[in-house]
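The values are calculated or read from the model by the stated rules, or taken from the named source; none is laboratory data. Here the structure is a predicted model, which means the values were calculated and not measured. With ideal geometry, Cβ positions are generated from the backbone for all residues, glycine too; neighbour counts draw on all protein chains shown. Surface areas here come from the heavy atoms of the whole protein model, side chains and all, with no ligands, DNA or RNA. Shrake-Rupley method; radii C 1.70, N 1.55, O 1.52, S 1.80 Å.
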Amino acid sequence: MNNFLKGQIALVTGGTKGIGKAIADKLNDAGARIIVTARTEPEENPNGYYFIAADLSQPESAETIAKEILEKFGRIDIVVNNAGANLSKGGSFSTLTDEHWNNDLQLNLMSAVRVNKALLPTMIDQQSGVIVNISTYAALQPIWEMTVTYSAAKAALNAYSKALANEVSSKGIRVNTVSPGVVKTPLMEEFIEGIAKSSNITVDEAFKSMLNKVGVPLGRMAEPEEIANLVRFLASSEAQYITGSNYLIDGGVSPVV
Ligand SMILES: NC(=O)c1ccc[n+]([C@@H]2O[C@H](COP(=O)([O-])OP(=O)(O)OC[C@H]3O[C@@H](n4cnc5c(N)ncnc54)[C@H](OP(=O)(O)O)[C@@H]3O)[C@@H](O)[C@H]2O)c1
């Protein structure tokens with residue numbers, strides 16, 4: 001891989017596992033200097049990524065992250081808002097409390113809103129920058145039994161990303177959204193184990209029922225690296241005319257064109 005991102009400073013929130021780790025590795029392969037955040041520092045860090053511990057469901061975390069990045073690196077070129085999770089409680093609308101709604105909105109919407117707000121003034125000064133917000137196909141196709149608050153929070157992230165792109169693209173900053181389908185990550189494994197337990201079926205049965213329920217034309221989950229390839233492309237100058245877009249990468253799941 002040539003060094004087409006050499007000299008660029010890239011932040012990947014939730015960059016220690018799953019999709020975020022794959023994105024960090026792909027941007028690193030392309031020569032960027034990588035900063036990752038998570039609540040827990042990974043035991044191994046073979047590529048020497050700069051690590052910042054932060055719980056992004058907490059409002060003050062974004063400012064802490066931005067301050068540390070700007071003090072240490074003095075600039076920011078690529079921001080990938082990847083930290084997120086389906087915190088939806090399964091069940092009917094009637095069982096969802098304000099707290100359930102707030103938890104998903106904080107982690108899946110407000111984390112990105114706050115990180116971007118803290119780092120955008122620097123990108124505007126630089127007159128350059130790329131933001132990629134990681135959403136989900138489920139924002140377009142909510143599953144009422146298992147993703148209501150998560151889907152709604154990510155749908156809001158999509159709308160916010162479009163508005164932000166409209167606002168800052170003339171300042172040299174591109175903003176796009178990537179919406180994966182079902183991806184083989186620790187989060188997904190945990191989710192499937194949860195379904196198996198609550199439905200009293202095996203993990204294998206839960207896995208098959210998940211693929212059936214979602215209906216993946218390609219017949220399998222995505223690998224995290226397949227999502228990361230798209231993010232790396234969007235971060236590169238090859239994507240310099242792309243802003244305000246939402247890319248579904250879901251193995252054909254979405255039934256609409
Ligand atoms: N997997 C899928 O099928 C799928 C599909 C569509 C969209 N997505 C989206 O893709 C993104 C990554 O998902 P993933 O499956 O790769 O998840 P994952 O395997 O659980 O990894 C999540 C990463 O985010 C960090 N994280 C989780 N909660 C956090 C918090 N409160 N504050 C800060 N960091 C936090 C985790 O580290 P710590 O636990 O140490 O904090 C980890 O580094 C999410 O936004 C998710 O909604 C995933």
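Per the listing I76, I34, I69, the residue uniquely more than 10 Å from the ligand (Cβ to nearest atom), in a strand (DSSP E or B) and modelled with pLDDT of 95 or more is I34. Of all residue pairs spaced 6 or more apart or on separate chains, those with beta-carbon atoms under 8 Å, a first member in region 219-234 that is more than 17 Å from G14 (Cα to Cα) and a second member that is among the charged types (D, E, K, R) and within 12 Å of the ligand (Cβ to nearest atom) are M221/K184; A222/K184; A222/D250. Candidates T149, T177, T202: the one that is in contact with a Phe, Trp or Tyr (Cβ under 6 Å, 6 or more places away or on another chain) and more than 9 Å from the ligand (Cβ to nearest atom) is T149.
Identify, from the list N108, N47, N86, the residue that is part of a loop (DSSP other than H, G, I, E, B), within 14 Å of the chain's Cα centre (by Cα) and not hydrophobic (A, V, I, L, M, F, W, C).
Among N108, N47, N86, only N86 is part of a loop (DSSP other than H, G, I, E, B), within 14 Å of the chain's Cα centre (by Cα) and not hydrophobic (A, V, I, L, M, F, W, C).
Residues satisfying the criterion are present in region 153-160 (criterion: more than 11 Å from the ligand (Cβ to nearest atom), open to solvent by 60 Å² or more (accessible area, probe 1.4 Å), within 17 Å of N116 (Cα to Cα) and in a helix (DSSP H, G or I)). The condition of being within 16 Å of the ligand (Cβ to nearest atom), under 30 Å from V257 (Cβ atoms), touching a Lys or Arg at 6+ places or on another chain (Cβ under 7 Å) and modelled with pLDDT of 95 or more holds for only one of N82, N133, N108, that being N108. Screening region 176-257 for helices (runs of 4 or more DSSP H) wholly inside it with 2 or more residues that are closer than 16 Å to T147 by Cβ and open to solvent by 50 Å² or more (accessible area, probe 1.4 Å) returns the ranges 186-199, 203-214.
All conditions in (1) in contact with a strand residue (DSSP E or B) (Cβ under 8 Å, 6 or more places away or on another chain); (2) near the ligand (Cβ under 10 Å from one of its atoms) hold for F51, with the sole exception of (2).
Scoring T149 on the criteria (1) open to solvent by less than 10 Å² (accessible area, probe 1.4 Å); (2) touching a helix residue (DSSP H, G or I) at 6+ places or on another chain (Cβ under 6 Å); (3) under 27 Å from A239 (Cα atoms) leaves a single failure, condition (3). Within region 8-31, the set of residues being over 15 Å from I69 (Cα atoms), more than 10 Å from the ligand (Cβ to nearest atom) and open to solvent by 50 Å² or more (accessible area, probe 1.4 Å) comprises D29 only.
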